Structures are given as structure tokens and as C-alpha cells.
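Reviewing the structure listed below.
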Amino acid sequence: MTMPAQFLVLCVCILGFFHVEGTTNTLSSQDSSFCHGGLEVIYPGLDIDKCLIIPKELKLREKISTVWKTPQIYFSGAHKKKMYVLVMVDPDAPSRIKPTSAYWRHWLVVDIQGNALKKGHIQGTTLTEYAPPTPPQKSGFHRYQFMLFEQLPNAPVSLTVQERSSRGKWDLEAFITRFHLGEPVAALQFLTQNYKN
């Protein structure tokens, strides 16, 4: 084996180990089964297309919490003429052991145009501005869940005055029922913890 070939094998092994930490192999079956439908959440240095744990390497946990802004959302299965609702929540606020503030609403966009979503753009009405994942120190891993629902035609979606007053303790099930959203057409989640832990 020549020197370049040995180097290539070494690189593949190193990258393989890095990739393993962020794959479904490290998740419980419950956490890995949440993802379906082909939704992609794309940050500047991280393309998430399956359930995973955000690795500590390359300061990814810190970047996702403090550096990167709103991610790009891509859904190849979007129907061009339909509209969608995107929800991002933390069901583990303030901790997975004691989620007294669940669901914490991190992002809510409605009236998303299917043709734009198919190209990786969010064109819609933002009801809750994006807030990055910021799990408290020593609170363990939090799940950050993205759910995409098909919005009924001519059915405006909004938040109540009470819902607008707080992101925490959001009754997601009541919201889904109120607007007849049904099951998500696609869902994705990642787990991360405070980057200082």
C-alpha cells in the first residue's frame, strides 16, 4: 500500500468514528423512531437529515446554541400547491427528567408555500421567531423536535393571546387539534445538551 492510500484509509477511519457519534446508533429506539418523512434541517456547518445526537467535536453544540441563526428547512416531498406549518419544540424543558415547561416553542411558521419548501426555503408567516437550542447547564440532553404539518386550504392558523404571551408550557396537542393538522407529514429531531457540560 502506498503512502497516499494509507493516509486515505486513516482519514476514512477517523471520519467514520466522528460520524458514528452522531448517528441513530447512539439513540434509544424511542428517540430514533421519531424521525420520518425526509425532512432536512440545515445549519451552516451541519446538515441534519435523521435523528441524531449533536456531537461535542468541532464545537457543534456551541455553534448550534450561540452562533448559527435560523436553519434552512428542506422537504423534497412537499406538494408545490399546498401550504405547511412548521413547529420546533423542546419537550424536555427545563429537563427531560422534569419537563414542567414542555412544550417550549422555539419556532412556529405557518402558510409555508410548498413550492418554496421543496427548494429549501421557508416562505410563510412567522408566528414565533426562531430561538436556538439553549438547554440549561446540567439539565442533560434535550430533544429539539421539528414537525411539518400540511395546512388545510383557506384555514388560517394563529396563536391565542395566551399562547403569544409565553413560549413555555405550550399545549401542542391542543394547537394541532384546533387547526385539524393531523399527524406530521415529516418529523426530525436532534439531541443536544449545554455546550459547557
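At a glance:
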quantity	calculated
Per-region count, segment 31-61, residues assigned to a loop (DSSP other than H, G, I, E, B), crowded, with 16+ Cβ neighbours inside 10 Å and in contact with an Asp or Glu (Cβ under 8 Å, 6 or more places away or on another chain)	3
Criterion (among the hydroxyl-bearing types (Ser, Thr, Tyr), surrounded by 14 or more Cβ atoms within 10 Å (Cβ to Cβ) and either more than 15 Å from Lys82 (Cα to Cα) or modelled with pLDDT of 95 or more (or both)) met by exactly one of Thr177, Thr160, Thr128	Thr128
Output for segment 118-146, where each listed residue is under 18 Å from Ala78 (Cα atoms) and either among the basic types (Lys, Arg) or touching a Lys or Arg at 6+ places or on another chain (Cβ under 9 Å) (or both)	Lys118, Lys119
Residue in segment 69-90 that is nearest to the chain's Cα centre (by Cα), counting only those that are part of a loop (DSSP other than H, G, I, E, B) and surrounded by fewer than 16 Cβ atoms within 10 Å (Cβ to Cβ)	Thr70
Close pairs from segment 121-136: first over 25 Å from Arg61 (Cβ atoms), partner basic (Lys, Arg) and loosely packed, with under 15 Cβ neighbours inside 10 Å, Cβ under 9 Å, at least 6 apart	Leu127/Arg164
Test result for Pro184, surrounded by 15 or more Cβ atoms within 10 Å (Cβ to Cβ), under 20 Å from Asp31 (Cα atoms) and without any contact (Cβ under 8 Å) to a residue 40 or more places away in the chain	no
Among residues of segment 97-150, those that are polar (S, T, N, Q) and under 14 Å from the mean Cα position of the chain (by Cα), counted	2
Residue tally, condition touching a residue at least 40 places away in the same chain (Cβ under 8 Å) and of a type in the set (Asp, Glu), over segment 164-181	1
Complete set of residues in segment 141-189 that are under 18 Å from Asp92 (Cα atoms), aliphatic (A, V, I, L, M) and not in a helix (DSSP H, G or I)	Met147, Ala187, Leu188
Pick from segment 122-140, criterion out of contact with any helix residue (DSSP H, G or I) (no Cβ under 9 Å at 6 or more places or on another chain) and not in a strand (DSSP E or B), ranking: nearest to Ser32 (Cα to Cα)	Gly140
Qualifying residue in segment 98-120 (condition: assigned to a loop (DSSP other than H, G, I, E, B) and touching a Ser or Thr at 6+ places or on another chain (Cβ under 6 Å))	no
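The values are calculated or read from the model by the stated rules, or taken from the named source; none is laboratory data. Please read these numbers as outputs of a predicted model, since none were measured by experiment. Quick reminder, even Gly has a Cβ in these numbers, built from the backbone with ideal geometry, and neighbours come from all protein chains shown.
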